[in-house]
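This report refers to the structure that appears directly beneath it.
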Amino acid sequence: MSWLTELTSNPAITDRLPEAAVETLLMVGWSALLAALGGLPLGLWLRSSDPGGLRPHRAVNAVLSLVVNVGRSLPFIILAIALIPVTRWLTGSALGWQAAVVPLTVGAIPFYARLAEAAVREVPAGKVEAALLAGASRRQVLAGVLVRESLPGLVSGFTVTVVALVSYSAMAGAIGAGGLGFLAISYGYNRFQWDVMIVCVVLIVLLVQLLQTVGDLVARALDHR
Amino acid sequence: MVDDGIVLNALRKVYPLRSGEVMALDGIDLRVQRGAVHGIVGESGAGKSTLIRCVTGLERPTSGSVWVDGEEISAAGERDLRRARRRIGMVFQHVHLFDARTAADNVGYPLRIAKVPAARRRERVAELLELVGLQGRGDSYPAQLSGGQRQRVGIARALAADPSVLLCDEPTSALDAATTRQILRLIRDVRDRIGLTVLIITHEMSVVREVCDSVTLLDRGRVAEHGPLAEVAGRPGTRLARELIPLPPLPAGGAGAGVEVAFAGADTASVFRTIGGLGDGVEVAAGTVETLGGTQAGRLRLDVPADRRDEVLRALRDAGLHAEGGEAR
Ligand SMILES: Nc1ncnc2c1ncn2[C@@H]1O[C@H](COP(=O)(O)OP(=O)(O)OP(=O)(O)O)[C@@H](O)[C@H]1O
Ligand SMILES: [Mg+2]
């Protein structure tokens, strides 16, 4: 068990690892929250504006769709670099986990918007009509029927988004965001401390497992079909 | 003109398609009086659903007008439409319950939208669930109910906000015969109790026979036949008469000419007396008698010696019956 003692006495692990783990959690947590707050309305707007939606509007739909597609097609690293001026302006720095939240959020919003749009699209038109015939306004249909009926799908999509954010956050680590990804690269790749890298990777895998399990449980609990 | 019930005036609905257009409704005039149960039948694609969607305001007519209880639905703005819809309940073929809500919350949904206070809402929901025979099942989610139970929740939801008009688009076509009968009885009961005006689309003639007071046959967007049940059934040779009162298959053999007799609202015994008095060689080859809209209506197929055909037809008509000569067999 000498490798274990060696591992637990390595300062990279004892000092840096807890800190990096917290950074990853903060980075992912904040960008996930902001992605949900931005992506859900965007997804609803995409769905409502398309033909057959609550308020069809060809031009609005085309523009939204284009913006979302551009946002999704940019590789994350390029997005992060391109956003550096915005990030500086918003957070005062281009480094650290706070700075990484900006590109992560910008990347995740269109990602989640598409997943939310797809989830909401699953709600049959008849349910919307039933609500309209009960005298519901558009807003009431949106919240009380479209979102509520597609909640399991919205949660599943959110889980997928959070997991994607975990992997992007590791990439953000490569350009100075801190977190487990940064630790893995700076020790494992730059200083050949493979054990540190492996520990980081294992933690990331565990985190993803945990997120997926919780996400599935919540989605199932919300699903009454 | 204050007119209760449903009134359609020269209603037209054209759907534009990439290649030309579809004339879904082509000049429909229809009046359904308050408290009446009116059936709409017709082949697939005849425009039945389009018609009902125009009544709800989900579909805007291309021209013509739609009135519900004296209010013009076809011209209502969004706000007026939302208010007017509280007076309209709708039952769908596929029910369209909200899967994420319990039966009670489904039924209470229109009340929530109408901002009825929670306590009053609970009372009313309990009342409605009892009306449709689902007391105690309020906490069940739609997925935990049978098809017939779901449809009953759908009817309770449609009735929640005390509508004066109930629209049903094939409410029973996904149900078995016994459940269908329950649902139809429920619709009739409710009509009797609160004087609801009911418009019911169906492709099953048995549904028309069982609940409707009057019926319209749509054919490619036009009214082909129309009238009170007993009356349309008494017009021999029409499609509705044939379908409302189907003749059993004719026995093989038989000689001479066929004569078809249709009657409605008449005393069946006197019809048979008339036929018995027609003399030699006239026999009933096949016949059906139904109770339609509270009166007796029937169709009979007579075997008549070929040389007495005209004479028999005259005698039947003199007795006040509809009679038509078929081809000789
Ligand atoms: N949204 C639409 N866009 C284009 N055409 C439509 C639309 N809705 C209906 N139609 C057309 O209008 C006609 C009437 O359709 P409708 O749904 O009213 O028929 P229906 O009598 O209800 O038929 P079914 O018994 O099959 O339900 C059909 O030719 C149909 O293709
Ligand atoms: Mg239809």
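The values are calculated or read from the model by the stated rules, or taken from the named source; none is laboratory data. Note that this is a predicted model, so its numbers are computed, not measured. Don't worry about glycine lacking a Cβ; one is built from the backbone with ideal geometry, like all the others, and counts go over all protein chains shown. The accessibility values were calculated without ligands, DNA or RNA, using every heavy atom of the protein model including side chains. Shrake-Rupley method; radii C 1.70, N 1.55, O 1.52, S 1.80 Å.
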Original post:
Summed for both chains, how many Å² of accessible area, to the nearest 100, are buried between A and B with a 1.4 Å probe?
Top reply: 2100 Å²
Original post:
So how far, in whole Å, is the C-alpha centre of segment A:35-90 from the one of segment A:99-122?
Top reply: 8 Å
Subject >> Cα-based reach from B:Lys48 at 17 Å (exclusive), listing lysines while leaving out same-chain residues under 8 positions away >> reply: B:Lys13
**OP:** With runs of 4+ DSSP H residues as the only contributors, calculate the mean residue ellipticity of chain B at 222 nm using -39,500 (n - 2.57) per run, divided by the residue total and rounded to the nearest 500.
**Re:** -10000 deg cm²/dmol
Subject >> Length-normalised contact order for chain A - Cα pairs under 8 Å, 6+ apart - percent >> reply: 25 percent
Subject >> Peptide ranges B:97-107, A:18-28 listed from the most packed, as the mean C-beta count within 10 angstrom indicates >> reply: B:97-107, A:18-28
Subject >> Relative contact order [Cα under 8 Å, 6+ residues apart], segment B:83-160, whole percent >> reply: 47 percent
**OP:** Name the lysines eligible as straight-distance cross-link partners of B:Lys115: C-alpha to C-alpha under 25 Å, and not fewer than 8 places from it in the same chain.
**Re:** A:Lys127
**OP:** Calculate how steeply helix A:17-49 sits against the longest principal axis of the alpha-carbon atoms of chain A, using the helix alpha-carbon long axis, and give the answer as 0 to 90 degrees to the nearest 10.
**Re:** 20 degrees
Subject >> Reciprocal of mean inverse Cα separation for segment A:2-222 (Kirkwood radius, Å) >> reply: 19.0 Å
Subject >> For the protein assembly as shown, the Rg and Dmax computed from alpha carbons only, in angstrom >> reply: 34.1, 119
**OP:** Please report the relative contact order for segment B:145-210, taking Cα pairs under 8 Å with a sequence separation of at least 6, and give it as a percent rounded to a whole number.
**Re:** 40 percent
Subject >> Unit charges at the beta carbon, dipole of the protein assembly as shown: most positive-side option, A:Leu40, B:Pro305, A:Ile77 >> reply: A:Ile77
Subject >> Highest-MSF residue in chain A out of A:Ala32, A:Ala131, A:Ala184 [GNM, Cα springs under 10 Å] >> reply: A:Ala131
**OP:** Find the percent of Cα-Cα distances in segment A:136-225 that exceed 19 Å, and round it to a whole number.
**Re:** 54 percent
**OP:** From other protein chains only, count the Cβ atoms within 10 Å of every residue's Cβ in B:81-91, then give the mean.
**Re:** 3
Subject >> Cα shape, segment B:245-328, gyration tensor, a/c 1.5 rule >> reply: oblate
**OP:** Might you tell me the accessible area per residue for the protein assembly as shown, computed with a 1.4 Å probe and given in Å²?
**Re:** 47 Å²
**OP:** Quick one: angle between helix B:103-113 and the longest Cα principal axis of chain B, in degrees between 0 and 90, rounded to 10, please.
**Re:** 70 degrees
Original post:
Which angle from 0 to 90°, rounded to the nearest 10, does the C-alpha axis of helix B:177-194 make with the longest principal axis of chain B?
Top reply: 70 degrees
Original post:
Within 10 Å of each Cβ of B:95-104, how many other protein chain Cβ atoms are there on average?
Top reply: 5
Original post:
To the nearest whole number, what is the average tally of beta carbon atoms from other chains within 10 Å of the beta carbons of peptide B:261-271?
Top reply: 0
